[in-house]
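*Asks:* My questions all concern the structure below.
FYI, it's all coordinate maths here, none of it is from the lab. Keep in mind it's a predicted model, so treat the numbers as computed, not measured. When we count neighbours, we look across all protein chains shown, and the Cβ atoms used for this are built from the backbone with ideal geometry, even at glycine.
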Amino acid sequence: MATGGMARVAILAIGVFAVGTGEFVLAGLLPMLVEDLGISVARAGQVVTVFALTCAVSAPVLTALTAAWRRRTVLVVATVIYLCGAVGTALAGSYAQIVVAQIIAAAGVGLFIPNAAATAATLVAPQLQGRAIALVVTGFTAAVAFGAPLGTALGGLLDWRVTMWFAASLAILGLAGVWRFIPKDIQLPSAGGLRARLRPLGDRRVVMLLITTLVAFTAVFVPYTYIGVIYAPATRGDGVALAALMLTGGIAGAVGNLAAGYLTDRFGGARVVALALIWLGVGLLLVPLVTDNFGAALAVVGFYAMGAFAITTPQQHRLLSIRPDTAPVVISLNQSVLYLAIAMSGLVGAFGIELLGNQYVSLLAATFALLALGFSYSAQRLTRASAEGSPSQ
């Protein structure tokens, strides 16, 4: 059962990889959208903002609306919705049509990912649930590390619409896997309606940790969302060179994520998050020095990506350790907040580019990393106070 269960969880991870690739590849396509549609960088960046904001809203709302459905049905419907949005984007003839299509795609992503994680936990024995959820999240990391750079390279070599067809083909692969290998009769105990799913927000520890996630990942995704324009002098507008930057960051991020899991078990989530945020902040301060040198840019992107992707695992560990009774719900909330951070990164980055310019927008992101460090410390103080018997809610 355990082996078969983990194999099915791997299918869900592939599904997360498929829909996640369509999301994260948008950052690499921004320069192409600017050129093809004749729009500003800031306006192109709002495609990412709209996508992420839709994910943040749709995750809890659509999950609550489909709570009584069988899980395979939910996952199939979510994938089909995403597929419609990906195809619509590939066929879009204007900026407005792209935005509408991406809203549709994002609704599918917002429904798929938290339900994939919750379904994974039902497919394995209780002692393997943490590993199952981690494997599903690995699909998300792989989308950043490999899917998005590959899609960006395709766009650079051929056309950005080819990239969207590539994203659609990955969705078809994920859909086939879910339909064939996920049992059709899986249902989850209802966590209640939307109000019940928001109940953990009454815990100040949870709120402070979610604020940490929000601010930290805003810092992470400002340079990711605008990576094409920040490093344009270094890449000379070459999509393949940009893909190489994204791949370097993705591989370094995967290493950072794995290291964070090991360090979290040894030293605790709070210390690992603090280290990762300091690491990220230092890396972001170095960005303005390397934007016109491709080799140096590769090194710096790899450096700060290790810190950036070392935040996710210990943050989830901290949430689960304080609210193990509502594990699927707090994971869903953290995912929604992460999407809010991606949405904020589009807005913050656009503001920073207007204020500071492409070369120095990372300094604004570094400020957010410092703020996140303060929020993380406050969350840890609340957690300690609760452990000592002080009220936490």
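*Asks:* What does a probe at ASP292 reach in segment 232-253, counting residues whose amide N is under 18 Å from the point 7 Å along Cα→Cβ?
*Replies:* 232-238
*Asks:* Could you give P(r) for the chain, binned at 10 Å from zero, as whole percent values over all Cα-Cα pairs?
*Replies:* Over the chain, the share of Cα pairs per 10 Å bin runs 5, 25, 35, 25, 9, 1, 0 percent.
*Asks:* Please state the relative contact order of the chain as a whole percent: Cα pairs under 8 Å, 6+ residues apart? Can you show the working numbers first?
*Replies:* Details: 707 pairs, mean separation 98.2, N = 393.
Relative contact order, the chain: 25 percent.
*Asks:* Can I ask one more? In whole Hz, what ³J(HN,Hα) sequence does segment 214-225 give by Karplus (6.51, -1.76, 1.60; θ = phi - 60°), x for Gly and Pro?
*Replies:* With coefficients 6.51, -1.76 and 1.60, one gets 4, 6, 5, 7, 5, 4, 5, 8, 4, x, 6, 4 Hz.
*Asks:* Using +1 at the Cβ of each Lys and Arg and -1 at the Cβ of each Asp and Glu in segment 1-190, identify which of LEU128, GLY177, PHE17 lies farthest towards the dipole's positive end.
*Replies:* Farthest along the dipole direction, towards plus: LEU128.
*Asks:* Using a 10 Å cut-off on Cβ atoms, rank the peptides 235-241, 203-209 from the highest mean neighbour count down. Could you put the intermediate results ahead of the total?
*Replies:* Details: 235-241: 16.7, 203-209: 21.7.
So the peptides 235-241, 203-209, ranked by packing, come out 203-209, 235-241.
*Asks:* Only helical DSSP H runs with n ≥ 4 go in: add -39500 (n - 2.57) per run for the chain, normalise by residue count and round the 222 nm mean residue ellipticity to 500 deg cm²/dmol. Working shown, then result.
*Replies:* Details: 17 runs with 320 residues, N = 393.
For the chain, the value works out to -28000 deg cm²/dmol.
*Asks:* Using θ = phi - 60° and the Karplus relation 6.51 cos²θ - 1.76 cosθ + 1.60, list the HN-Hα couplings for segment 172-177 in order, rounded to whole Hz, with x at every Gly or Pro.
*Replies:* These are the phi-based 3J(HN,Hα) values: 5, 4, x, 4, 4, x Hz.
*Asks:* For a protection proxy built on the mean count of beta-carbon atoms within 10 angstrom, sort 151-162, 51-62 highest first, please. Don't skip to the end; give the middle numbers.
*Replies:* Working: 151-162: 20.8, 51-62: 22.8.
For the peptides 151-162, 51-62, the packing ranking is 51-62, 151-162.
*Asks:* Using the Cα centre of the chain as origin and beta-carbon charges of +1 (Lys, Arg) and -1 (Asp, Glu), tell me which of GLY155, PRO324, LEU214 is placed farthest towards the positive end of the dipole.
*Replies:* Final value for the positive-end residue is PRO324.
*Asks:* When PHE146, PHE351 are ordered from fewest to most other Cβ atoms inside 10 Å of their Cβ, what list results? Show your work: numbers first, answer last.
*Replies:* On the way: PHE146 17, PHE351 14.
Starting with the residue having the fewest Cβ neighbours, the order is PHE351, PHE146.
*Asks:* Place +1 on the Cβ of every Lys and Arg and -1 on the Cβ of every Asp and Glu in the chain, take the dipole about the Cα centre, and give the residue among SER345, LEU198, LEU277 whose Cα lies farthest towards its positive end.
*Replies:* LEU198
*Asks:* Testing the spin-label approximation: label points 7 Å from Cα along Cα→Cβ at ALA96 and LEU157. State their distance in nm.
*Replies:* Between ALA96 and LEU157, the simple spin-label model gives 3.6 nm.
*Asks:* Taking θ as phi - 60°, what are the ³J(HN,Hα) couplings along segment 278-290 by the Karplus curve (6.51, -1.76, 1.60), each to the nearest whole Hz, with x for Gly and Pro?
*Replies:* Calculated HN-Hα couplings, in order: 5, 4, 4, x, 4, x, 5, 5, 7, 3, x, 7, 10 Hz.
*Asks:* Let me see the P(r) profile for segment 198-393: every Cα-Cα distance counted, bins of 10 Å, each bin given as a percent of all pairs.
*Replies:* The calculated distribution, bin by bin, is 10, 36, 33, 15, 5, 1.
*Asks:* To the nearest 20 debye, what charge dipole does segment 198-393 have about its Cα centre, counting +1 at the Cβ of each Lys and Arg and -1 at the Cβ of each Asp and Glu?
*Replies:* On the way: 10 positive and 7 negative charges, 108 e Å.
It works out to roughly 520 debye.
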